[in-house]
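Below is one structure, written out as structure tokens, with a few remarks after it.
The values are calculated or read from the model by the stated rules, or taken from the named source; none is laboratory data. Quick caveat: nothing in here was measured; it's all calculated off a predicted structure. FYI the Cβ positions are ideal-geometry reconstructions off the backbone, even for glycines, and counts take in every protein chain you see.
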Amino acid sequence: MKTYGDYGNSDEMVEHVCEQLASEFTGTFSPETVQRFVSESFDSLSNARVQAFVPLFIHRFAKERLRAAGQAEGVIEKEVPEVLFVCVHNAGRSQMAAALLDRAAEGRVHVRSAGSTPADEIHEGVREAMAEIGVDMAQEFPKPLTDEVVRAADVVVTMGCGDACPVYSGKKYLDWELDDPTGKASEEVRTIRDEIDLRVRALLEELLPVVA
């Protein structure tokens, strides 16, 4: 995908992403609905620290939101359980949890993460701690919490974000008390990472007791 600098202006970039996603969601969402989701996603992510990836971020974020909206409305089938991890900044705990569950599940669970007040980038110490165990987070980014991703989730795991996450019936809500890795030394971040990994694996066994 093109980088931000390859477009003449932001309108051209948004239009290009809209065209791609309108094609992907033909028969599910109208071009007008796709336009709205893409425009909202651009407004949310236009301050991303790594500007070269902004179009990719917007495409991925808008696509995930559209998929979640379709699942919540029953027009897109859920093929696997949906898990959402939420913390305040979506720059540490929830990002690690999502990456660790995604790796452990090997496609048997679909994972999303979000923040009630997202930061503009993932903590460098978190990226380094994850890289130590072979998880590359170079193209991950903090995302704002939106209603449709909560409605689409089967399990919502919160991590220190209080009552910022809306509650809907029929979902499993968990609250994991974990230290915030912000400003922590490398060894402390590793400890948090390993604790999250243990909890993620236990959650996976609950979601997929037969095949986990």
Output for the stretch 175-207, where each listed residue is part of a loop (DSSP other than H, G, I, E, B) and not aliphatic (A, V, I, L, M): Trp176, Glu177, Asp179, Asp180, Pro181, Thr182, Gly183, Lys184
Glu15 in the same structural domain as Arg65 (by TED's automatic domain parsing), at pLDDT below 95 and under 26 Å from Ile122 (Cα atoms): no
Residue identified as surrounded by fewer than 21 Cβ atoms within 10 Å (Cβ to Cβ) and free of Cβ contacts under 8 Å to residues at least 24 places away in the same chain among Gly160, Gly125, Gly183: Gly183
Selected residue (only one of Phe85, Phe42, Phe57 is buried (at least 19 other Cβ atoms within 10 Å of the Cβ), under 19 Å from the mean Cα position of the chain (by Cα) and under 16 Å from Val149 (Cα atoms)): Phe85
Which numbered condition Ser113 misses (of (1) out of contact with any strand residue (DSSP E or B) (no Cβ under 6 Å at 6 or more places or on another chain); (2) closer than 25 Å to Lys184 by Cα; (3) among the polar types (S, T, N, Q)): (1)
Residue in the stretch 139-151 that is polar (S, T, N, Q), free of Cβ contacts under 8 Å to residues at least 40 places away in the same chain and either outside any helix (DSSP H, G or I) or farther than 18 Å from Val88 by Cα (or both) present: no
Options Arg103, Arg108; residue that is farther than 21 Å from Glu188 by Cβ, assigned to a loop (DSSP other than H, G, I, E, B), modelled with pLDDT of 95 or more and not hydroxyl-bearing (Ser, Thr, Tyr): Arg108
Residue within the stretch 137-149 that is closer than 22 Å to Lys63 by Cβ, touching a Leu at 6+ places or on another chain (Cβ under 9 Å) and at pLDDT 95 or above present: yes
Out of Glu187, Glu121, Glu132, Glu195, sole residue that is among the acidic types (Asp, Glu), farther than 20 Å from Lys78 by Cα and modelled with pLDDT under 95: Glu121
Test set (1) at pLDDT 90 or above; (2) assigned to a loop (DSSP other than H, G, I, E, B); (3) among the small types (Gly, Ala, Ser) - Ser41 fails condition number: (2)
Verdict on Met96 being assigned to a helix (DSSP H, G or I), over 12 Å from the mean Cα position of the chain (by Cα) and among the aliphatic types (A, V, I, L, M): no
